[in-house]
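The block underneath contains the structure these notes are about, expressed in structure tokens.
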Amino acid sequence: MKLALPGGPQAFLSEYWQKKPCLIKGGIMQFKDPLDANDLAGLAMEAEVESRLVVRMGENWDVQHGPFESFPSSDKDWTLLVQAVDHWFEQSNELMQLFDFMPGWRVDDLMVSFSVPGGGVGPHLDQYDVFIIQGEGKRRWRVGDKQPLKTLTPHPSLLQVEPFKEALIDVEMEPGDILYIPPGFPHEGYAVTAALNYSVGFRAPSGRDLLTHFADLAIDEERYNHRYGDPDLRVRDKRGEVSLPELNRLKRCLTEIFDDEATLYRFFGLYLSEAKHELDLAPCEPEYHEEEVAQLLEAGTVLHRLAGTRALYLAGVADCLFVDGEAHALPQAVAEELANQGCPDTGLLAAHPAALRPLTRLINRGYWFFEE
Ligand code: SIN
Ligand code: CO
């Protein structure tokens, strides 16, 4: 499979990314479904995997959450959606790798849906960018321009918007076609024939997300206990007023927190590397000893990163790799290799003895594994 964006990835980013929706006919050359409807149904039967079944009954909608034991026998108007399929179904990673031109931390997960004719989730908006790839079958997609639309909840766990009339894109998608939709553009898709759709979703934290999660870290680490102080206080007759210098001093209590870049950036690394959905982690049993890991690295045994594992390093912060919400001290060259390459160069890892202990820990936890 090969991605064929109009004018190449940079031209696509400059013209469309976060600006306007775009249909890329035949956007994936030699497209092949990495899974089929049975594989998806199998995943939706697993307790660890997040799945939903959305059924349309005329004006009414029903939503059920997995794990499922069975699926509707009707051949119309339902769709099964499974989150983070890339964490559980190794073969789907070829599809994710097509988007390797994007910063890894911005990519979230692969949601896969199977819909029978008429199946869909109704008109809605997403807060995140998404590439919807058409797999097997045909589905009609409509995308409208950004516009004020009333929110509807035809079911407590289904957020829709009122129908939108004009469509910027109205297309019957075929296997290998890609629809890019930036945040906030209303869209709806209904299967024409039984259809698989792959949604590569992105993450973009809101200010509120960052603030609340940073506050959690400050509480956990008992940071920022400094208090407002006013040793220069002078007698004043307007007792009810909080003066401007006082307001500024209060504001400084907060800005000083954000000026603590060492903590703030560490927080970004921890937060952005956390997986939103469960990973298929299988800790090693028995655990590897460091010497065994050293031998395997020297022998050039292939090391893989567990699918869905987020591994990041920060520009300007040396010798630190963030993996799934934890920080690990590692030589910079090793941190970069582990974060940038799915299969790191084992020779390079072997050449850094200081990496052995943290790397052994990561392997024993299941984040990287040696090819059998
Ligand atoms: C779907 O595949 O049904 C949902 C994709 C989306 O609209 O985000
Ligand atoms: Co959507």
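The values are calculated or read from the model by the stated rules, or taken from the named source; none is laboratory data. Keep in mind that what you see is a predicted model, and the values were worked out from it rather than measured. Note that we place each Cβ from the backbone using ideal geometry, even for glycine, and neighbour counts take in every protein chain shown.
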Matching entry among Gln147, Gln127 (being assigned to a loop (DSSP other than H, G, I, E, B), polar (S, T, N, Q) and more than 13 Å from ligand 2 (Cβ to nearest atom)):
Gln147
Does at least one position in the stretch 30-40 carry a residue that is polar (S, T, N, Q), within 21 Å of Gln97 (Cβ to Cβ), in the same structural domain as His65 (by TED's automatic domain parsing) and surrounded by fewer than 18 Cβ atoms within 10 Å (Cβ to Cβ)?
yes
Filtered residue count, the stretch 125-154, keeping only those that are crowded, with 16+ Cβ neighbours inside 10 Å, under 24 Å from Asp75 (Cβ atoms) and not charged (D, E, K, R)
6
Name every residue in the stretch 243-268 that is aliphatic (A, V, I, L, M) and surrounded by 10 or more Cβ atoms within 10 Å (Cβ to Cβ), in order of residue number.
Leu247, Leu250, Leu254, Ile257, Leu264
Long-range neighbours under 8 Å by Cβ, at least six apart or interchain, first residue in contact (Cβ under 8 Å) with a residue 60 or more places away in the chain and of a type in the set (D, E, K, R) within the stretch 178-197, second more than 9 Å from ligand 1 (Cβ to nearest atom) and in a strand (DSSP E or B)
Glu188/Arg142
Which one of these is modelled with pLDDT under 95 and either within 30 Å of the chain's Cα centre (by Cα) or part of a loop (DSSP other than H, G, I, E, B) (or both): Arg266, Arg208, Arg236, Arg223?
Arg236
